[in-house]
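K.L.:
This is the structure I want to talk about, given as structure tokens.
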Amino acid sequence: MKIKLIKYTPEPERAVAMSARLCYSAAGAEELEQSMSEAQIDKLIKKLSNMGHLSTFEHVSFTFAIEGISRVLTHQLVRHRIASYSQQSQRYVAEHGFEYIVPPSIAVKPEAKAKYDTLMNQVQQIYDELLGMGVHQEDARYVLANATETKIVVTMNARSLLHFFEKRCCQRAQWEIRNLADAMLREVQAVAPRLFTKAGPACVALGYCPEGEMSCGRLAGVIANK
């Protein structure tokens, strides 16, 4: 899995703070952006975060280039609807010798891994044979596995990212999308730490697990490690 933050709104924390201050100021946006001190930005972002007033977080966006993930993951990822996605097309990009993702629970069992690899090889063979028979690439792709490696570009605003992290950094999220969410969180915290101070599974922000009986049972440890 390879994740890189390739673009983001310049000075995202200043942009969020300026947008919030504008609502209560006679001054214009440009004046506020230039005049706000770092201390004022820090104080205002903390206040917004603590109060849950996150509409101004929507003014800043972050774009990620993501590789080495499965179609299983992207089927889950695109359920987060307030985002923009551009995914590698199996209709136009041939999958000769396609890479595939191996779940850890399979990788650690030699017999299971052998069966898994055999099936992936069979899928590859049938895919190639169909193309050789003149079947259109867009139709041959129907035999490809959910494990097939894919690439995607994702853009989300800061508010959508906070919601994404709440759901997908949770221990109950599937391992692959949880790994992706953790990596994306590290990327944005490096460039906008104040916006994502409380980012992570819901228990980090709330201090309790909202999953109820479905809790992972590791609340204290998760909070301690954040």
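K.L.:
Inside region 128-145, can you point out the residues that are open to solvent by less than 90 Å² (accessible area, probe 1.4 Å), within 30 Å of the chain's Cα centre (by Cα) and not basic (Lys, Arg)?
P.N.:
Gln137, Glu138, Asp139, Ala140, Val143, Leu144, Ala145
K.L.:
Just name the residue that is surrounded by the most Cβ atoms within 10 Å (Cβ to Cβ) out of those in region 46-78 that are under 17 Å from Ala199 (Cα atoms) and among the β-branched types (Val, Ile, Thr).
P.N.:
Val60
K.L.:
Next question, about the same structure. When Trp175 is evaluated against the numbered criteria (1) out of contact with any strand residue (DSSP E or B) (no Cβ under 8 Å at 6 or more places or on another chain); (2) surrounded by 13 or more Cβ atoms within 10 Å (Cβ to Cβ); (3) in contact (Cβ under 8 Å) with a residue 24 or more places away in the chain; (4) among the hydrophobic types (A, V, I, L, M, F, W, C), which criterion, by number, is the only one it fails?
P.N.:
Looking at each condition in turn, Trp175 falls short on (2).
K.L.:
Would you confirm whether any residue within region 172-193 is modelled with pLDDT under 95, basic (Lys, Arg) and under 30 Å from Ile45 (Cα atoms)?
P.N.:
The answer is yes, given that some residue of region 172-193 is modelled with pLDDT under 95, basic (Lys, Arg) and under 30 Å from Ile45 (Cα atoms).
K.L.:
Give the residues of region 1-21 that are of a type in the set (D, E, K, R), out of contact with any Phe, Trp or Tyr (no Cβ under 8 Å at 6 or more places or on another chain) and in contact (Cβ under 8 Å) with a residue 60 or more places away in the chain, sorted by residue number.
P.N.:
Lys2, Glu13
K.L.:
Say whether the condition of being assigned to a loop (DSSP other than H, G, I, E, B), out of contact with any Ser or Thr (no Cβ under 7 Å at 6 or more places or on another chain) and open to solvent by less than 40 Å² (accessible area, probe 1.4 Å) is met by at least one residue in region 103-120.
P.N.:
The answer is yes, given that some residue of region 103-120 is assigned to a loop (DSSP other than H, G, I, E, B), out of contact with any Ser or Thr (no Cβ under 7 Å at 6 or more places or on another chain) and open to solvent by less than 40 Å² (accessible area, probe 1.4 Å).
The values are calculated or read from the model by the stated rules, or taken from the named source; none is laboratory data. Keep in mind that what you see is a predicted model, and the values were worked out from it rather than measured. Ideal geometry is used to build each Cβ from the backbone, glycine not excepted, and the neighbour counts take in all protein chains shown. Just the protein is used for accessible areas: all its heavy atoms, side chains included, with ligands, DNA and RNA removed. Shrake-Rupley method; radii C 1.70, N 1.55, O 1.52, S 1.80 Å.
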